[in-house]
Amino acid sequence: MTLWLFSWLLPLLSLVNASASSSLSHCVDCIPEDELPSPTSNFSLRAFAGLLYEHLLCAPIVWQWAMLYFCLWFAFQYAFSHFYYPWFVFQRYGITENSVKSHHSLNHQRRSPIAANKVVSFIAAVLTVVRCALYMHRANWDYDYLWNSIYIPGPRPVLDLLDSSLGYFVFDIVYLFVYHRQLSFIIHHLVVPVAILGVKSFGFGCQLGLPIFVTADVTTLLLNVVWFAEDHVKYINFAIDSGDGEHKSKLNLSASLSFWNTVKTVTQLLFGVSFLYLRLGQLSYLILPWLKTVVLAKHVSMAYKTIAVVGNLALLGTSYWWSIHVLKLLLNAFRKLVPQSSNLSQSQKQPQCIPHKIAVQNKQR
């Protein structure tokens, strides 16, 4: 399988070999090829276990950040269960707790852990984007530096940032095992931490992880906002349909429903545009030249090249596949905003038709 993969990939990459070598010659931070370590192709389960032990179990930063996210989750889960849903949601929309308990999807005891996870995900994404962006700005990286980073050892601050991201994924995987338990989701969320462990163990090319985190987590921020907007829409619709909100003004519930629907639609539009730009354009622009450099690098083993190519192409393929759904999301969100303007234009045209009908009737008389 590996030989077949490179049998068609290497001829394509050889077309740009000259440009790669020329850009490498201008790389100041790159280690010359004759000074780089020789590639090792020994890979076994024992080596993989040693990798997990050294770069995960014995990495204190990973577990410090994981414990921080666990503590935040417990605190937010308690706050959502005892304060947010009973006071801010139920009392505001006139919903009784007894009526909600019979609905599995709206039971606040069930939704509180999910809401807490969304908040922790939002906080982790903000911290990742800000910390990684600040470091890249201060380090004054450019694209040539990132594309040739397979020839540059990973700096300690970059490895620490990768460890902090691993800490979130430790929390995320435990949460999925306890609350979600869907194999597809668990495998999907395991791809990134495995890639981080792989690039950390190799010691070169770690720098590319930072812009990838920024590119991916910007859309995560918007996705979490959409979830909370949809959460409000669900409870308002329940209050209107069940009659629990009868003592609340129907006008107030309709205004709240319109507000949260607008927040959801606008955020979906922002998410869709940012996803298409970042996941299709920016991510491809970052990964493909880096993959070319990795495949052509002499100090990189065949096993690492295979993992890098398959993993990154899977990441890009997932982004391309989801872009189809995002386009549909954009179209639906746009259609929700357009009828409002069309209805206004139709209401402005209707009064003009009434005098015309009266004039025709007068002529007939």
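On the accessible surface of segment 88-181, probed at 1.4 Å, how many percent belong to carbon and sulfur atoms? Whole-percent figure for carbon plus sulfur exposure: 57. Looking at segment 86-210, the accessible area is 46 square angstrom per residue; that uses a 1.4 Å probe and ignores ligands, DNA and RNA.
What's the Kirkwood radius of segment 45-166 in Å, using all Cα pairs? For segment 45-166, inverting the mean 1/r across all distinct Cα pairs yields 17.9 Å. Treating r as the C-beta distance of Asn252 and Ile31 and R0 as 51 Å, the FRET efficiency rounds to 0.20.
Each peptide in 61-72, 98-109 receives the mean, over its residues, of other Cβ atoms within 10 Å, and ordering these scores from highest gives 61-72, 98-109.
Note on Phe70/Val130: beta-carbon distance plugged into 1/(1 + (r/R0)^6) with R0 of 22 Å gives a FRET efficiency of 0.55. Each of Val178 and Leu337 was given a label point 7 Å from its Cα along the Cα-to-Cβ line. The distance between the two points is 3.9 nm. Grab the beta carbon distance between Trp87 and Leu270, set R0 = 30 Å, and tell me the FRET efficiency rounded to 0.05. So, using R0 = 30 Å, E works out to roughly 0.55.
The values are calculated or read from the model by the stated rules, or taken from the named source; none is laboratory data. For clarity, every value in this text was computed on a predicted model and none was experimentally measured. Cβ coordinates were reconstructed from backbone atoms using ideal geometry, including for glycine residues, and neighbour counts include every protein chain displayed. Heavy atoms of the whole protein, side chains included, go into the accessibility calculation; ligands, DNA and RNA do not. Shrake-Rupley method; radii C 1.70, N 1.55, O 1.52, S 1.80 Å.
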